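Working notes for the structure below.
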Amino acid sequence: MKKRLTLILCLLLCCALCGLLTSCGNANKGGNDGYEDFVVVGFSQVGAESDWRNANTKSMQEALSEANGYRLILDDAQQKQERQITAIRNFIHQGVDYIVLAPTTEKGWETVLAEAKTAKIPVIIVDRMIEIEDDSLFTCWIGSDFLGEGRNAVRWMENHFDDQPLRIVHLQGNLGSSAQLGRTAGLEEGLERHPEWELVYQENGDFTQAKGQELVEALLADGVEFDVLYSENDNMAYGAIDALKNAGITPGKDVTIISFDAGRHALELVMAGEISYVVECNPLHGPRVEAIIQRLEAKQTPPKLTYVEEASFDTETITQTIIDGRGY
Ligand code: GYE
């Protein structure tokens, strides 16, 4: 009798343990966790530093929605690579179907992506690129040609200023990110070709409006004089514009401003003549990532690298229709 009771208790314990394991195991593989009908995607986002980034997050949320059959687990890394590494490890632990990574910096992904590969979870990189020797550690990448963007801006400067001497202030984005590296490299090529161009100031503005304003206030206080402000994103340009105006300097007249991203407000400032040239960087990757996942679900192979098409605008080419059509 006692023996039979122990046996029954053991069986009950086993059942309970099994149930626990199924529900704690793969987030997507059955159980009562509510994930079973969805494709589960873990998205490690850089942060919320700019309008571009917020538009990017929104685009991902809209495309990878429950109505479309997805469960999106979004992690905001607050611009820190360590946080992204932790987020990816959590996604692996949760057994997501796909990992999407918008990397803060290019370097330092080998170990964690090898862990994702071992767990057989495809990794889709968006926006910025990673620098990695073994490219089997990610499935594919979709994003922008940042060096092309920088070269585009420099071409405009060459056409606009001919051989005029220029004093240039350079606000950089987060150091080590593809967006910074490419846009900086474009400018550096221009500086090499043009001995009449002088770089009078170069600093990291973290891609934020607050830092852009702070840096320009500081350099004006130091008496730095300049003709061109090359800002590696719109938000830093907005901050710079505030600082210039507060100091009685008219953007677009006393100083030429060049920016990257081309969000709606930047386009309005081009129309108002305050930003002279803006190079577009498209943040709407949600539907593109969704299409990639659909192909992978259908056991197809998406292209390894996809560059999105991007335009640019100056005071002559901007129109109200272009501004009205800009959703972010
Ligand atoms: O230009 C900037 C953002 O990586 C393209 O990051 C992105 C850049 C974008 O914070 O505004």
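The values are calculated or read from the model by the stated rules, or taken from the named source; none is laboratory data. Owing to the predicted nature of the structure, the values given are computational and were not obtained by experimental measurement. All Cβ positions, even for glycine, are placed from backbone atoms using ideal geometry, and neighbour counts span all protein chains on display. Quick note on the areas: whole protein, heavy atoms, side chains included, nothing else; ligands and nucleic acids left out. Shrake-Rupley method; radii C 1.70, N 1.55, O 1.52, S 1.80 Å.
Give the residue, chosen from Gly212, Gly223, that is within 16 Å of the ligand (Cβ to nearest atom), without any contact (Cβ under 8 Å) to a residue 60 or more places away in the chain and either surrounded by 21 or more Cβ atoms within 10 Å (Cβ to Cβ) or on the phi > 0 side of the Ramachandran plot (or both).
Matching residue, one of Gly212, Gly223: Gly212.
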All-but-one check, Lys2 against (1) modelled with pLDDT under 95; (2) basic (Lys, Arg); (3) surrounded by 15 or more Cβ atoms within 10 Å (Cβ to Cβ), failing number (3)
Do we find a residue being open to solvent by less than 20 Å² (accessible area, probe 1.4 Å) and either over 22 Å from Asp51 (Cα atoms) or assigned by TED's automatic domain parsing to the domain that holds Ser59 (or both) anywhere in segment 229-239? no
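Does Ala116 qualify as being more than 16 Å from the chain's Cα centre (by Cα), closer than 22 Å to Phe38 by Cα, part of a loop (DSSP other than H, G, I, E, B) and among the aliphatic types (A, V, I, L, M)? Explain how you work it out, then say what you get.
Numbers: more than 16 Å from the chain's Cα centre (by Cα): yes; closer than 22 Å to Phe38 by Cα: yes; part of a loop (DSSP other than H, G, I, E, B): no; among the aliphatic types (A, V, I, L, M): yes.
Against the criterion (more than 16 Å from the chain's Cα centre (by Cα), closer than 22 Å to Phe38 by Cα, part of a loop (DSSP other than H, G, I, E, B) and among the aliphatic types (A, V, I, L, M)), Ala116 does not qualify.
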Would you point out the residue of segment 231-259, among those that are farther than 30 Å from Glu62 by Cα and in a helix (DSSP H, G or I), that is nearest to the ligand (Cβ to nearest atom)? Ala240
Cβ-Cβ distance below 8 Å, separation of 6 or more or different chains: which pairs start in segment 260-282 with a residue that is of a type in the set (Gly, Ala, Ser) and within 12 Å of the ligand (Cβ to nearest atom) and end on one that is assigned to a loop (DSSP other than H, G, I, E, B) and open to solvent by less than 10 Å² (accessible area, probe 1.4 Å)? Ala262/Cys281; Ala266/Ile275
Flagged in segment 35-46 as open to solvent by 10 Å² or more (accessible area, probe 1.4 Å) and either over 19 Å from Glu297 (Cα atoms) or not in a strand (DSSP E or B) (or both), in numbering order, are Tyr35, Glu36, Asp37, Phe38
So Ser23 passes all but one of these: (1) more than 16 Å from the ligand (Cβ to nearest atom); (2) modelled with pLDDT of 95 or more. Which condition number does it fail? (2)
Suppose we keep only residues that are within 16 Å of the ligand (Cβ to nearest atom) and farther than 21 Å from Leu219 by Cβ within segment 154-200. Which one would you say is surrounded by the fewest Cβ atoms within 10 Å (Cβ to Cβ)? Ala185
Checked against (1) within 16 Å of the ligand (Cβ to nearest atom); (2) among the β-branched types (Val, Ile, Thr); (3) surrounded by fewer than 20 Cβ atoms within 10 Å (Cβ to Cβ), Thr86 satisfies every condition except (1)
Residues that are within 16 Å of the ligand (Cβ to nearest atom) and small (Gly, Ala, Ser), drawn from segment 113-150: Gly143, Ser144, Gly148, Gly150
Selection over segment 143-153 where residues are surrounded by fewer than 22 Cβ atoms within 10 Å (Cβ to Cβ), within 13 Å of the chain's Cα centre (by Cα) and of a type outside the set (D, E, K, R) yields a count of 0
Qualifying residues in segment 47-75 (those that are outside any helix (DSSP H, G or I) and within 12 Å of the ligand (Cβ to nearest atom)) - the one surrounded by the most Cβ atoms within 10 Å (Cβ to Cβ): Ser50
Could you please let me know if Asp206 is more than 19 Å from Val278 (Cβ to Cβ), modelled with pLDDT under 95 and not small (Gly, Ala, Ser)? no
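Residue by residue, here is whether (1) at pLDDT 95 or above; (2) charged (D, E, K, R); (3) under 21 Å from Gly286 (Cα atoms); (4) open to solvent by 80 Å² or more (accessible area, probe 1.4 Å) holds:
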site	(1), (2), (3), (4)
Ala77	yes, no, yes, no
Gln81	yes, no, no, no
Gln94	yes, no, no, no
Thr105	yes, no, yes, no
Lys117	yes, yes, no, yes
